[in-house]
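Read through the structure below, which is laid out as structure tokens, and then see the notes.
The values are calculated or read from the model by the stated rules, or taken from the named source; none is laboratory data. Since the model is a prediction, treat every value here as computed from it, not as a measurement. Note that each Cβ is placed from the backbone with ideal geometry, even for glycine, and that neighbours are counted across all protein chains shown.
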Amino acid sequence: MPAQCDDGNAMSMDSLALLRLLHLADSALAIGGAAHSFGLETLAEEALLAPQTLEEFLRVHLQESGRLEAVYVGLAWKGRDPRTLSQELSARKPARESREASVKLGRRFAELVNGILQQPLLESDLHYCVAFGTAGAALAIPLESVVLAYLNQSIVGLISACQRLMPLGQSSANTILWNLKPAILDTCSASCSEEMACFSPCLELASMRHPLLETRLFIS
């Protein structure tokens with residue numbers, strides 16, 4: 001069984017907290033996530049990514065970019081200054097399109113949460129993972145649950161993008177997501193150490209090349 005993060009896991013999640021987490025982690029949440037592929041569109045267009053290689057690609061993605069963002073979810077949950085965290089994460093995202101997409105999603109997420117709660121809980125212009133972690137802590141949702149929910153919805157979003165970019169049916173997409181559950185758990189566990197290292201040149205370069213595509217379905 002994967003190791004658990006120490007902070008917050010003594011806290012049990014009640015039914016209301018669970019419902020709130022399911023709401024915030026819904027891939028259909030109206031924050032604009034469906035408009036972004038984070039470089040996957042470039043890889044699909046250049047035939048560097050196909051349905052038969054997608055599962056392994058996303059498994060590696062979780063180990064790299066997924067772990068990096070999971071660490072920032074955790075740091076935000078633990079009360080680190082969210083604006084400072086977002087500035088740090090921006091420096092770790094060399095591709096402009098993906099960096100701006102992350103902030104746009106964070107801004108929309110903050111606006112939605114602040115509107116629901118009718119109070120300025122979240123600052124604007126935060127990266128999505130930082131805003132998500134901050135909201136999870138404010139709503140008294142346990143750390144591990146927040147990180148797992150964030151990772152799961154991010155993979156759901158990427159798989160959904162791939163369904164529009166390549167011949168990937170519903171059954172295959174759901175099988176890939178199911179098979180990646182242990183990798184999501186492993187990534188959550190690894191993020192507890194707060195060690196940050198990310199080397200994903202393929203996707204970063206693909207994101208940089210995205211504006212050069214002749215036709216595009218996605219903003220990023």
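If I ask for residues that are closer than 15 Å to ASP81 by Cβ, of a type in the set (A, V, I, L, M, F, W, C) and under 13 Å from the mean Cα position of the chain (by Cα), which ones from the stretch 127-148 would you list? Write out each step before concluding.
Initially, the stretch 127-148 is screened for residues closer than 15 Å to ASP81 by Cβ, giving 127, 129-131, 133-134, 137-138.
Adding the requirement that they be of a type in the set (A, V, I, L, M, F, W, C) leaves 129-131, 137-138.
Those that are closer than 15 Å to ASP81 by Cβ, of a type in the set (A, V, I, L, M, F, W, C) and under 13 Å from the mean Cα position of the chain (by Cα): CYS129, VAL130, ALA131.
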On the basis of being at pLDDT 95 or above, surrounded by 14 or more Cβ atoms within 10 Å (Cβ to Cβ), among the aliphatic types (A, V, I, L, M) and over 20 Å from LEU165 (Cα atoms), does ALA25 make the cut?
no
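Working only within the stretch 198-220, note down all residues that are closer than 13 Å to HIS61 by Cα and in contact (Cβ under 8 Å) with a residue 24 or more places away in the chain. It would help to see each step written out before you state the result.
Step one: filter the stretch 198-220 for residues closer than 13 Å to HIS61 by Cα, giving 198-204.
Those that are closer than 13 Å to HIS61 by Cα and in contact (Cβ under 8 Å) with a residue 24 or more places away in the chain: CYS198, PHE199, SER200, CYS202, LEU203, GLU204.
Please find, among LEU105, LEU158, LEU151, the residue that is under 15 Å from TYR72 (Cβ atoms), in contact with a helix residue (DSSP H, G or I) (Cβ under 9 Å, 6 or more places away or on another chain) and modelled with pLDDT under 95.
On the way: LEU158 fails: under 15 Å from TYR72 (Cβ atoms); LEU151 fails: modelled with pLDDT under 95.
Unique residue meeting the criteria: LEU105.
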Picking from ALA47, ALA34, which residue would you name as being among the small types (Gly, Ala, Ser) and in a helix (DSSP H, G or I)?
ALA34
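State all residues of the stretch 68-81 that are touching a Leu at 6+ places or on another chain (Cβ under 9 Å) and surrounded by fewer than 23 Cβ atoms within 10 Å (Cβ to Cβ); if no residue qualifies, say none.
Start the filter on the stretch 68-81 by keeping residues that are touching a Leu at 6+ places or on another chain (Cβ under 9 Å), which leaves 68-70, 72-78.
Hits for the stretch 68-81 are LEU68, LYS78.
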